[in-house]
1. Six or more apart or on different chains, Cβ under 8 Å: which pairs go from a residue in the stretch 103-120 that's touching a residue at least 40 places away in the same chain (Cβ under 8 Å) to one that's exposed (fewer than 10 other Cβ atoms within 10 Å of the Cβ)? Could you list them?
2. Among the residues of the stretch 37-60, are any at pLDDT 90 or above, acidic (Asp, Glu) and either open to solvent by less than 50 Å² (accessible area, probe 1.4 Å) or more than 30 Å from residue 110 (Cβ to Cβ) (or both)?
3. Name the single residue, out of those in the stretch 61-72 being in a loop (DSSP other than H, G, I, E, B) and not acidic (Asp, Glu), that is surrounded by the fewest Cβ atoms within 10 Å (Cβ to Cβ).
4. Looking only at residues that are at negative phi and not in a helix (DSSP H, G or I) in the stretch 8-36, which one is surrounded by the most Cβ atoms within 10 Å (Cβ to Cβ)?
Amino acid sequence: MIEQQEGVRERLIAFLKFKHINKSQFAAAVGVSNSFVMNIRRGMSPEKIQKIKEVYPDLNIDWLITGAGEMINTGAINQSVDGSNNTAYAGHNMSIESTPSALEMALNEIAEQRKLTAKAQEQVDRLLNIVERVNGLQ
């Protein structure tokens, strides 16, 4: 077990909020129980830390564990200097072609936000309808 300092749970929750990921989505992606995030107390196994690093390479694990540094790895994407123009995620041996581009990710995020906005508008419309009915009864 790697000893965790107080605040790991809060830092992980902050990362999930930053990424717009709920605890269930995180648990499914990392392969842990739904209650994993809320039950982090004193330690996290090296296997779980490694899985989190694999699934979320942009998360600065040092920050998660100790609170030192920034939340997001600034060196998550490295350019090769051997002239081959290969771009790979640092330490993950994945070519950039096998990962979504920033544009694709932004478009997916916009689409997701549109869905959320549409749902919110539906709720507003329902509430307005209820208010109009209530005002009509008075």
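1. Listed by first residue and then by second, the contacts come to nothing, as the list is empty.
2. There is at least one residue in the stretch 37-60 that is at pLDDT 90 or above, acidic (Asp, Glu) and either open to solvent by less than 50 Å² (accessible area, probe 1.4 Å) or more than 30 Å from residue 110 (Cβ to Cβ) (or both).
3. 68
4. Ranking the candidates gives 32 first.
Residues are listed down the side, and each one gets a yes or a no for (1) exposed (fewer than 12 other Cβ atoms within 10 Å of the Cβ); (2) part of a loop (DSSP other than H, G, I, E, B); (3) modelled with pLDDT of 85 or more:
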position: 74; (1), (2), (3): yes, yes, no
position: 81; (1), (2), (3): yes, yes, no
position: 97; (1), (2), (3): yes, no, no
position: 100; (1), (2), (3): yes, yes, no
position: 103; (1), (2), (3): yes, no, no
position: 106; (1), (2), (3): yes, no, no
position: 115; (1), (2), (3): yes, no, yes
position: 118; (1), (2), (3): yes, no, yes
position: 122; (1), (2), (3): yes, no, yes
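The values are calculated or read from the model by the stated rules, or taken from the named source; none is laboratory data. Every value quoted in this text rests on a predicted model; they were computed, and no experiment measured them. Neighbour counts run over all protein chains shown; Cβ positions are idealised from the backbone, glycine included. Quick note on the areas: whole protein, heavy atoms, side chains included, nothing else; ligands and nucleic acids left out. Shrake-Rupley method; radii C 1.70, N 1.55, O 1.52, S 1.80 Å.
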